[in-house]
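Peer 1: Sharing a structure with you now.
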């Protein structure tokens, strides 16, 4: 299942209230967890030993939205200042497939970082961190 922007709803749930983002530029997920191989310096073993790294680091979810309202800014600022746990979601409208980061925190204060005459200056980056990330693929 491949998620397509134009088939999905994006938003956050804060204190039981869902806030949908009507204008999404993009969403990026950084996953630090990796399965790696190691072997002895003599290099005689062709299989090696597998191990996990990055387990202590959270997944980072960055959602770039356009045109953040004053009301949404106040809600997100409060969540950031109070380190409120939030759920970040992407739901496919066609089949209900989802990407959800639960019990996330905002790791950066939401703000417009660029001002110019380019439409990209309307971007606001919302950066979240979570250890509880899941994907459900229904088709």
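Peer 1: If you check residue 13 against the conditions, is it under 17 Å from residue 133 (Cβ atoms) and without any contact (Cβ under 8 Å) to a residue 12 or more places away in the chain? First the steps, then the outcome.
Peer 2: On the way: under 17 Å from residue 133 (Cβ atoms): yes; without any contact (Cβ under 8 Å) to a residue 12 or more places away in the chain: no.
No, not satisfied.
Peer 1: What number of residues in the stretch 32-67 are at negative phi, surrounded by 12 or more Cβ atoms within 10 Å (Cβ to Cβ) and not in a strand (DSSP E or B)?
Peer 2: Counting residues in the stretch 32-67 that are at negative phi, surrounded by 12 or more Cβ atoms within 10 Å (Cβ to Cβ) and not in a strand (DSSP E or B) gives 5.
Peer 1: So, residue 5, is that one touching a residue at least 12 places away in the same chain (Cβ under 8 Å) and touching a helix residue (DSSP H, G or I) at 6+ places or on another chain (Cβ under 6 Å) or not?
Peer 2: Here the answer is no, as residue 5 does not meet what is asked.
Peer 1: Just to verify a result, which residue in the stretch 68-95, among those that are assigned to a loop (DSSP other than H, G, I, E, B) and touching a strand residue (DSSP E or B) at 6+ places or on another chain (Cβ under 8 Å), is farthest from residue 12 (Cα to Cα)?
Peer 2: Ranking the qualifying residues of the stretch 68-95, first place goes to 93.
Peer 1: Related question: Please go through the stretch 68-94 and give me each residue that is closer than 27 Å to residue 4 by Cβ and either loosely packed, with under 13 Cβ neighbours inside 10 Å or without any contact (Cβ under 8 Å) to a residue 40 or more places away in the chain (or both), ordered by number.
Peer 2: Result: 69, 93, 94.
Peer 1: Starting from residues that are surrounded by 18 or more Cβ atoms within 10 Å (Cβ to Cβ) and not in a strand (DSSP E or B), keep the ones in the stretch 96-139 and report whichever is modelled with the lowest pLDDT.
Peer 2: 110
Peer 1: Which one is surrounded by the fewest Cβ atoms within 10 Å (Cβ to Cβ), of the residues in the stretch 1-22 that are in a loop (DSSP other than H, G, I, E, B) and under 16 Å from the mean Cα position of the chain (by Cα)?
Peer 2: 4
The values are calculated or read from the model by the stated rules, or taken from the named source; none is laboratory data. Only a predicted model underlies this, so the values are computations on that prediction, with no experimental measurement involved. Glycine gets a Cβ as well: all are built from the backbone with ideal geometry, and neighbour counts include every protein chain shown.
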